[in-house]
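Structure first, then comments.
Coordinate-derived values only; no laboratory data. Remember, predicted model here, so these are calculated numbers, not experimental data. A quick note on method: Cβ atoms are made from the backbone with ideal geometry, for glycine too, and the neighbour counts reach across all protein chains shown.
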């Protein structure tokens, strides 16, 4: 546990240094850059790219969470039962669509820029959250549900005070899957002119500048790993609280 | 009145309402050339003869039949009828629209067509799930569906569509890209199976190894694909330059190799973790019985644990295959070939149909692989023919 904490703090420090003080890394990346070429990406500040990247992911994931959880609640009510097989089909089929293809297919409809990236991230992000929320809400222990009914809670109270809190860890797992996919897909979003950290990697690939590629890759990879880890910690904490 | 309402299928009602709305959207789009933005043409402007009118009627009849809750056979027939009408309309009206529109004019399916196609496919899937088809029936249905797609793609009218013209202009490159895409997806799947199954078996036996391997593999899985592909380039470039015999073995910093290794790294987690889960799922009673019969550890693995865990192991391969078919698109960015090269060329040239030429086969390939792997997973299950 202790070693995990030290690694975590070291990685956060490394990430902050890479984003805020890229100049410190000139000696590290210089051997990777072409001779006489630039070492550190300077066309845009890494901080603003990071913020824009995280912002796109946050907005898309938040919207996806709201819609997906609402849909899952509707489908798990008695009135929505007829839609359950259909929604299962849609999530199964939808998740076989590659995220890159969803992004590419959004461009002809929405044009270039941040818009298609947001929409693609949102659409793709719905599926894992919806699937997990549906599983979480439909596999509650029946004894608990009986007890909730027995103490006189109405439908709304049962949903808000019993069902959603119990399903929360499973829903969070869905959100985590969705956020990790969104971070990766947003990187590719820079090929359709969205302002994300993918810009640095693409610039490196186009000019054969490995220093850019490693720089962008490290920053995106560290963000993804740290966010993934933070959400796992949150889930574990919630799960132990539930188990108590 | 209430009785009629009770017999309507709620999803069918949703399909019908969405479908009617989509019938008002632009069905095809006509552009003066391959780069220019197209102008939408609605269904009603295309309907001018008996042939097109009957296609529209088939679509409407399909949605109407889809409403019947307790008659899955009629719903299925409706979905098939609707799909035939939808595709027939494109085949008939695309050449008609191009007539007199100029030498470089291009016709593409527009939002209305794609929307109707999705809704009809969902109606088809929804009515099929009512039948709960067995694995072999699903295989037959898949073959029928693919046959229909092949016939549709070979029809005369469809060759007038802009995507098909992009295809005709580079059919050789398309075949090369297909081979490369399949080689990337299946090659890395095979390599992941060769490495992942033994690693999974080891992890199953040694708890400490499992504690070390699985977190590393799930960390690899979180690395965004573009970063992973990018970082593979310098690493493999270094290997090719510094490890004797590596470059002779075909390892290089650009092209196929970095894409292959990136996909392999992503594939390991599902294979290893599903192997561990599959082996752990052996019922304790079966394990005890095997031990009681005097089987050695190796015999228990081969005769009891692996056969019983096979569905879970195959489910891991399904995840990998679908994931790799999608991720292999990124290879197009680092010169690795595959359908991704069309997608990214299309994005660079803002040529929508070139994007579609790369994205549509990828989606189709992923869908077909998912269905085939699901069938295999069900077949591997004991008593698969008895359970629904």
If one builds a Gaussian network model of chain B from Cα atoms under 10 Å apart, the most fluctuating residue listed among B:18, B:352, B:297 is B:297
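For chain A, what class follows from the C-alpha gyration tensor (a ≥ b ≥ c being the square roots of its eigenvalues): rounded when a/c is under 1.5, otherwise prolate if a/b is larger than b/c, else oblate?
On the way: a/c = 3.51, a/b = 1.79, b/c = 1.96.
It is oblate, given that a/c is not under 1.5 and a/b is not larger than b/c.
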Using only helices, what value at 222 nm comes out for chain B when you add -39,500 (n - 2.57) per DSSP H run of length 4 or more and divide by the total residues, to the nearest 500 deg cm²/dmol?
-24500 deg cm²/dmol
Find, to one decimal place in angstroms, the Kirkwood hydrodynamic radius of segment A:87-190, where the mean of 1/r is taken over every pair of different Cα atoms and then inverted.
15.4
With no solvent and one point per C-alpha, what does the Debye sum give as log10 I(q)/I(0) for segment A:41-89 at q = 0.14 Å⁻¹?
-0.53
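Across peptide B:330-339, what mean number of C-beta atoms from other chains lies inside 10 Å of a residue's C-beta? Present the calculation step by step, with values, prior to reporting the outcome.
Details: counts 6, 0, 2, 8, 3, 1, 0, 0, 0, 4.
Mean shielding by partner chains, rounded to a whole number: 2.
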Ellipticity estimate at 222 nm from DSSP helix runs (n ≥ 4, -39,500 (n - 2.57)) divided over chain A, nearest 500
-25000 deg cm²/dmol
Considering chain B as a Gaussian network with a 10 Å cut-off on Cα pairs, which listed residue, B:366, B:148, B:183, attains the greatest mean-square fluctuation?
B:148
Rounded, prolate or oblate: which one fits chain B, using the alpha carbon gyration tensor with axes a ≥ b ≥ c (rounded when a/c is under 1.5, else prolate when a/b beats b/c, else oblate)?
oblate
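State, as an integer percentage, the relative contact order of segment A:47-243 based on alpha-carbon contacts under 8 Å between residues 6 or more apart. Working shown, then result.
Details: 229 pairs, mean separation 51.1, N = 197.
About 26 percent, as a whole number.
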Measure nothing but the geometry: give the 0 to 90° angle between the long axis through the Cα atoms of B:135-154 and the longest principal axis through the Cα atoms of chain B, rounded to 10°.
50
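Counting every Cα pair in segment B:16-88, what percent are over 21 Å apart?
Details: 922 of 2628 pairs.
Distances greater than 21 Å cover 35 percent of the Cα pairs.
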Each residue of B:277-285 has, on average, a number of other protein chain C-beta atoms within 10 Å of its C-beta equal to 0
Highest GNM mean-square fluctuation among B:247, B:29, B:341, for chain B with Cα springs under 10 Å, belongs to B:247
Hey, any idea what the orientation-averaged projected area of the convex hull of the protein assembly as shown's Cα atoms comes to, in nm²?
34.1
Average partner coverage of A:88-96, which counts Cβ from other chains inside 10 Å
5
Relative contact order for chain B, counting Cα pairs under 8 Å that sit 6 or more residues apart, in percent:
16
With an 8 Å cut-off on Cα pairs and a minimum separation of 6 or more residues, tell me the relative contact order of segment B:2-132 in percent.
35
Can you compute the FRET efficiency between residue B:136 and residue A:84 using 1/(1 + (r/R0)^6), with r the Cβ-Cβ distance and R0 = 30 Å? Round to the nearest 0.05.
0.70
For segment B:2-132, fraction of C-alpha pairs farther apart than 23 Å, in %:
36
